[in-house]
Amino acid sequence: VPEDQADKLLLASWGLPKAVLEKYHSLGVVQMFEWQAECLMLGQVLEGRNLVYSAPTSAGKTLVAELLILKRVLETRKKALLILPFVSVAKEKKCYLQ
């Protein structure tokens, strides 16, 4: 992330509603890693263009997907489909995203 865009690491910089930010903050998520912010700033990904990225397990890939989904749903008022690999992960995300 360029120095002049270092604020993009903060979740509060992405135009999310206060309730969403409070939920992330209550879970200890206040800012992203540089690579996560870079993913969100690539091309037109925030306008719905495709994004393919890879990172090790537990590196934070889900946060990128969640932020993209949340922003698109809130901005377009359309539904989103989140596909997860395991029932246990799906149950965890269901509780988390409610």
Q.
If the requirement is being in contact with a strand residue (DSSP E or B) (Cβ under 8 Å, 6 or more places away or on another chain), open to solvent by less than 60 Å² (accessible area, probe 1.4 Å) and either modelled with pLDDT under 90 or at negative phi (or both), which of these qualifies: 67, 11?
A. 11
Q: For residue 75, indicate whether it is open to solvent by 70 Å² or more (accessible area, probe 1.4 Å), out of contact with any His (no Cβ under 6 Å at 6 or more places or on another chain) and among the acidic types (Asp, Glu).
A: yes
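The values are calculated or read from the model by the stated rules, or taken from the named source; none is laboratory data. Computed from a predicted model, the values in this text were never measured in an experiment. Neighbour counts run over all protein chains shown; Cβ positions are idealised from the backbone, glycine included. Calculation scope for accessible area: heavy atoms of the full protein, side chains included, ligands and nucleic acids excluded. Shrake-Rupley method; radii C 1.70, N 1.55, O 1.52, S 1.80 Å.
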